[in-house]
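Q: Pasting a structure here, questions to come.
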Amino acid sequence: MSLSHLDQSPRRKAAGRRFAVAGLTLAASLTALAPAAQARDQDKDAPVSGIAPANDPLEGFNRGAFKLGMGLDKVLLAPIAHGYMAVTPRPVRNRVSSAIYNLGEPNTVINQVLQGKPKRAMRSTTRFVVNSTVGVLGLFDVAAKMHLPRRDADFGQTFGRYGAGPGAYIYVPLMGPLNVRDGVGRALDMVTDPVSAVAGGISTDFGKARLGATILDVRSQADPAFHALKDTADPYVTVRSAYGQYREAFVREATGEAEDLPDFDSPPPDAPAAAATPTP
């Protein structure tokens with residue numbers, strides 16, 4: 001082995017880790033666009049459903065970043081996601097989504113423990129064990145049929161659980177919408193991920209494969225939201241509003257102020273009962 005090789009190898013590994021971290025941040029952020037699929041023409045200064053007006057002191061910068069991010073998505077991520085969706089049947093994509101979600105379950109357990117919810121943590125642990133074994137490495141959500149539904153949790157929610165405010169809103173190209181609290185939370189989610197630690201880190205072959213599959217999966221799931229944004233009066237405000245509402249509801253769910261996250265597909269509260277789709 002040459003001295004040149006010894007000198008280059010650590011650099012290559014470091015570059016691989018930086019790329020993987022950026023990719024994981026992208027994967028974590030893409031899904032925040034999904035609630036925007038049903039949000040329409042929100043007034044940018046008015047409170048929405050009890051949510052305070054957006055804390056967006058960098059709106060000029062954020063709008064430029066949003067435009068750049070959408071352009072990069074159009075030429076980079078969207079074509080790959082559309083190709084994946086075209087050649088992969090939906091049932092197969094659903095199995096991939098289930099397996100990817102299963103890998104994130106241990107991180108959910110950590111946050112449920114930190115939030116003082118041992119029963120939820122135990123249920124999530126049981127979900128992970130059952131789905132990783134009987135469910136064939138998470139390909140099938142067997143635990144859901146055992147009345148163990150998904151219960152998400154992350155460090156952003158945990159910070160909110162103990163009173164941390166969201167802070168300023170910021171949009172990062174190819175990473176999506178963020179606020180200060182959730183940005184710090186996502187960084188902690190990545191560095192404390194038990195599966196990544198056991199597998200040897202995100203620079204391993206497994207880590208890279210998981211990263212690529214996650215980005216592909218979440219971008220394909222968010223595709224309807226990207227299409228819906230084309231019909232909104234102000235896509236930037238739509239994304240900001242949807243992200244803020246979703247994350248605030250997510251935190252309220254942890255504090256006990258709300259039992260469930262808002263269902264953006266359901267009719268408004270004042271809609272006639274007949275218009276709602278009955279729950280089986």
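The values are calculated or read from the model by the stated rules, or taken from the named source; none is laboratory data. Every value quoted in this text rests on a predicted model; they were computed, and no experiment measured them. Here Cβ is always computed from backbone atoms with ideal geometry, including for glycine, and neighbour counts include all displayed protein chains. Please note that ligands, DNA and RNA were not included when accessible areas were found on the heavy atoms of the full protein model with its side chains. Shrake-Rupley method; radii C 1.70, N 1.55, O 1.52, S 1.80 Å.
Q: Within segment 247-259, does at least one residue satisfy the condition of being at pLDDT below 75 and open to solvent by 50 Å² or more (accessible area, probe 1.4 Å)?
A: Yes, because at least one residue in segment 247-259 is at pLDDT below 75 and open to solvent by 50 Å² or more (accessible area, probe 1.4 Å).
Q: Filter segment 110-152 down to residues that are under 19 Å from G256 (Cβ atoms) and touching a Phe, Trp or Tyr at 6+ places or on another chain (Cβ under 9 Å), then give me how many there are.
A: 5
Q: Restricting to segment 148-164, what's the tally of residues that are without any contact (Cβ under 8 Å) to a residue 24 or more places away in the chain and either over 19 Å from R252 (Cβ atoms) or open to solvent by less than 50 Å² (accessible area, probe 1.4 Å) (or both)?
A: Final tally of qualifying residues: 1.
Q: I'm checking my understanding of the structure. Among residues of segment 110-126 that are hydroxyl-bearing (S, T, Y) and open to solvent by 40 Å² or more (accessible area, probe 1.4 Å), which one is farthest from V142 (Cα to Cα)?
A: Per the stated criteria, the residue is T125.
Q: Moving on. Would you check if A143 is over 30 Å from L72 (Cβ atoms) and open to solvent by less than 50 Å² (accessible area, probe 1.4 Å)?
A: Judged against the criteria, A143 is a match.
Q: Going by the structure shown, is V198 β-branched (V, I, T), at pLDDT below 95 and within 24 Å of V75 (Cβ to Cβ)?
A: No: the conditions fail for V198.
Q: Checking the conditions here, which among R127, R181 is of a type in the set (K, R) and under 28 Å from A65 (Cα atoms)?
A: R181
Q: Looking at segment 100-131, which of its residues are basic (K, R) and touching a helix residue (DSSP H, G or I) at 6+ places or on another chain (Cβ under 6 Å)?
A: Across segment 100-131, the qualifying residues are R120, R127.
Q: While we're here: How many residues does segment 167-177 hold that are closer than 26 Å to D223 by Cα, more than 15 Å from the chain's Cα centre (by Cα) and either part of a loop (DSSP other than H, G, I, E, B) or hydroxyl-bearing (S, T, Y) (or both)?
A: Going through segment 167-177 one residue at a time, the tally reaches 2.
Q: Restricting to segment 178-235, what's the tally of residues that are open to solvent by 20 Å² or more (accessible area, probe 1.4 Å), part of a loop (DSSP other than H, G, I, E, B) and of a type in the set (V, I, T)?
A: Of the residues in that region, 3 qualify.
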